[in-house]
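Enquirer: Would you mind keeping the following structure in view while I ask a few things?
The values are calculated or read from the model by the stated rules, or taken from the named source; none is laboratory data. Everything quoted here is computed from the prediction, not taken from an experiment. Because the Cβ atoms are built from the backbone with ideal geometry, glycine has one as well, and the counts that use them run over all protein chains shown. These accessible areas exclude ligands, DNA and RNA; they are computed on the full protein's heavy atoms, side chains included. Shrake-Rupley method; radii C 1.70, N 1.55, O 1.52, S 1.80 Å.
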Amino acid sequence: MTPDVHAKPIRRTFFKADLKCYMCGSVAGSIESEQPFTGAAVAPRPVLLRRYGPSQSPVQVQNWRTQRCDRCGGPLFLDEVEEITRRYEDYNWLDERPRRGRPPKRLIEERRRERELLEAEEAAAA
Ligand SMILES: [Zn+2]
């Protein structure tokens, strides 16, 4: 009786986009969802919001459109929508929130790596 505790890595596809300010053009953060962001007619779906800046813990928001720019309070729009496939050894991916005090540089690096990974996957599929 040895149950298989080593579950297969889970591959999940996410849609990710930057939240950019209409007024000042700064990127306030990014949102993530397993549903595409397109479809204006549908009711807003909850997404995972990562604010850039000192508090970087992802939070669930019902409607990203209610979010405002940290710098000027302007309305935000979606920029650079990406589709990302990630592999998870465990399901509790919400726990991998960044530690306090990590420099935003790390986030930028993380995003760059994700993009490179995506490009590599696209190149492999072509
Ligand atoms: Zn702004």
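Enquirer: What pairs come up if the first residue lies in region 104-115 and is within 13 Å of residue 29 (Cα to Cα), the second is among the polar types (S, T, N, Q) and outside any helix (DSSP H, G or I), and their beta carbons are under 8 Å apart, counting only those six or more places apart or on different chains?
Expert: Hits for this filter: 104/56; 107/56; 111/30.
Enquirer: Here are some conditions: (1) in a loop (DSSP other than H, G, I, E, B); (2) surrounded by fewer than 12 Cβ atoms within 10 Å (Cβ to Cβ); (3) at pLDDT 90 or above. Residue 24 meets all but one. Which one does it not meet?
Expert: (2)
Enquirer: Out of everything in region 57-97 that is assigned to a helix (DSSP H, G or I) and open to solvent by less than 70 Å² (accessible area, probe 1.4 Å), what residue ends up being modelled with the lowest pLDDT?
Expert: 93
Enquirer: Okay, moving on. For region 66-86, enumerate the residues that are charged (D, E, K, R) and more than 17 Å from residue 32 (Cα to Cα).
Expert: Answer for region 66-86, where residues must be charged (D, E, K, R) and more than 17 Å from residue 32 (Cα to Cα): 70, 71.
Enquirer: Please tell me if residue 100 is modelled with pLDDT under 70 and open to solvent by 100 Å² or more (accessible area, probe 1.4 Å).
Expert: yes
Enquirer: Could you please tell me which pairs satisfy a Cβ distance under 8 Å, a separation of 6+ or placement on different chains, a first residue in region 64-76 that is of a type outside the set (Phe, Trp, Tyr), and a second residue that is assigned to a helix (DSSP H, G or I) and more than 6 Å from the ligand (Cβ to nearest atom)?
Expert: 75/65; 76/64; 76/65
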